[in-house]
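All remarks here apply to the structure that follows.
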Amino acid sequence: MPAKIRLQRQGRKFQAIYSIVVADSRAPRDGKFIESLGQYNPNSNPATIVLDFNKALEWLQKGAQPTDTCRAILSYKGVLYKKHLLDGVKKGAFDEAEAEKRFQAWMTEKEQKVQAKKDQIKSTKDGLDKTRMEEETKIKEARAADIAKKKSELIAAEEAANAPAVEEEVEAEEPKAEEPKAEEPKAEEPKAEEAPVEEPKAEEPKAEEAPAEEPKAEEPKAEEAPAEEPKAEEPKKED
């Protein structure tokens, strides 16, 4: 059965991650697989690779064929170089100790390159962040200066507009403060004169109206009652 080392897509849209699997070459891309070897995430910088080194090397020795992307991943992690050294040991070019020594030297150099790349990316990112922060700070300071300038101009304009109005109010208030002082005793005199004049006038008409109305209401009631009774009896006797 021909086996292939390939990627199996996972994740969501625009954020895909891939599993590194060993599967039958006739199986669909996201179908069944024989064994999972690791995971590949191309969304990070540099790309994140998690790989079972020994299993990947074992499947290569069994004859599994990696796809182009998986070949690049295995080369990046040193699996292909390790297989090459082991093939040299089998051919007798050098012993296992020499192969291990060469592999460790290669891994050390590779790690240094990877770390240098990470440091460069980080320094570039930090520099960009610092530049962006400085630009944002300058923009904020410029805005604050403009706002302070506008506020000072508005305050100056309001003070200039209110200055003549305040002077007019002060001039208008000075004579008004003197007039009520002279009028205070005049306001008390008419109040004292009006009170005694109104009290006796209100009592006299009330006493005269009450006795004049009472006898007038009683007299017509007494005259009307006897006048009606004899007129009703006389025509009945004649018939």
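The values are calculated or read from the model by the stated rules, or taken from the named source; none is laboratory data. In this text, all values refer to a predicted model and were calculated from it rather than measured experimentally. Positions of Cβ are generated from backbone atoms using ideal geometry, with glycine treated the same way; all protein chains shown enter the neighbour counts.
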Assess whether Thr137 counts as being hydroxyl-bearing (Ser, Thr, Tyr), closer than 23 Å to Gly38 by Cβ and free of Cβ contacts under 8 Å to residues at least 60 places away in the same chain.
no
Quick test of your reading of the structure: Gly92 fulfils all but one of (1) on the phi > 0 side of the Ramachandran plot; (2) in contact (Cβ under 8 Å) with a residue 12 or more places away in the chain. Name the failing condition by number.
(2)
So Leu74, is it in contact with a Lys or Arg (Cβ under 6 Å, 6 or more places away or on another chain) and either crowded, with 17+ Cβ neighbours inside 10 Å or at pLDDT 90 or above (or both)
no
Residue check, Asp119 surrounded by 10 or more Cβ atoms within 10 Å (Cβ to Cβ), acidic (Asp, Glu), more than 27 Å from the chain's Cα centre (by Cα) and more than 30 Å from Tyr81 (Cα to Cα)
no
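Residues checked against (1) within 23 Å of Trp59 (Cβ to Cβ); (2) assigned by TED's automatic domain parsing to the domain that holds Leu60; (3) in contact with a helix residue (DSSP H, G or I) (Cβ under 7 Å, 6 or more places away or on another chain):
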| site | (1), (2), (3) |
| --- | --- |
| Lys83 | yes, no, yes |
| Lys90 | yes, no, no |
| Ala93 | no, no, no |
| Ala99 | yes, no, yes |
| Ala116 | no, no, no |
| Gly127 | no, no, no |
| Thr131 | no, no, no |
Options Glu153, Glu100, Glu167, Glu179; residue that is modelled with pLDDT under 80 and surrounded by 10 or more Cβ atoms within 10 Å (Cβ to Cβ):
Glu167
Out of all the residues in the range 52-70, which are loosely packed, with under 15 Cβ neighbours inside 10 Å, touching a residue at least 40 places away in the same chain (Cβ under 8 Å) and more than 13 Å from Ala23 (Cα to Cα)?
Lys62
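Inside the range 1-97, counting only strands (runs of 3 or more DSSP E) that do not spill past its ends, which hold 2 or more residues that are under 24 Å from Gln112 (Cβ atoms)?
Hits in the range 1-97: 35-41, 48-51.
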